Amino acid sequence: MTNVLFQITFYEERNFQGRSYECMSDCSDMSSYLSRCHSCRVESGCFMVYERNNYMGQQFFMRRGEYNDMQRMMSMGMMFDNIRSCRMIPYHRGQFRMKIYERENFGGQSYELMDDCDNIQDRYRMSDCESCHVMDGHWLMYEQPQYRGRMMYMRPGEYRSFRDMGMSGQRFMSMRRITDMC
């Protein structure tokens, strides 16, 4: 990991107007800084933003750039209209490894990934992914093939049950490594 400066600024109004909150690390609850967020600017680094406090609810990956309107962000795949928490994503050097499992608690079929997978059904004949173990790197998992639909950020660790993480009813059908330095 390198020392990359992380910075994202959130604004209450569209087009970077109104009160703002500058963030350079994880923030579990932005409500004490802003009543809402309708635009943001990622100056450096990559961030995952969340619909609810404490990194809960739906998520959206943001790389360096300007996001001047929440409606535009929704057309880019973001499926919620207000940001309540954010987590910086450290840059990872080295290999990427993740083992995916068909069932909760590391049950059923399993496969180890070291690169992106655009469709687990086509590649592994696996109809569902309900748990995983991320050994190396940072990953995004998507509910639909071809990296579409709702997403979830996975950092190194064991994830025994996506349902217990508040992702009930959500299936993950594609996975992508976060290789950006942003």
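The values are calculated or read from the model by the stated rules, or taken from the named source; none is laboratory data. Just so you know, these numbers come straight off a predicted model, no measurement behind them. So basically every Cβ, Gly included, is an ideal-geometry build from the backbone, and we count neighbours across all protein chains shown.
A few remarks follow.
- Just one of the numbered conditions (1) out of contact with any helix residue (DSSP H, G or I) (no Cβ under 7 Å at 6 or more places or on another chain); (2) modelled with pLDDT of 95 or more; (3) assigned to a loop (DSSP other than H, G, I, E, B); (4) not aromatic (Phe, Trp, Tyr) is not true of residue 42: (3).
- Cβ-Cβ distances below 8 Å connect the following pairs, each with a first residue in the stretch 71-99 that is at positive phi, a second residue that is buried (at least 18 other Cβ atoms within 10 Å of the Cβ) and at pLDDT 90 or above, and a separation of six or more residues or different chains: 77/60; 77/151; 94/137.
- Test: residue in the stretch 39-60 that is surrounded by fewer than 16 Cβ atoms within 10 Å (Cβ to Cβ), among the small types (Gly, Ala, Ser) and free of Cβ contacts under 8 Å to residues at least 60 places away in the same chain: no
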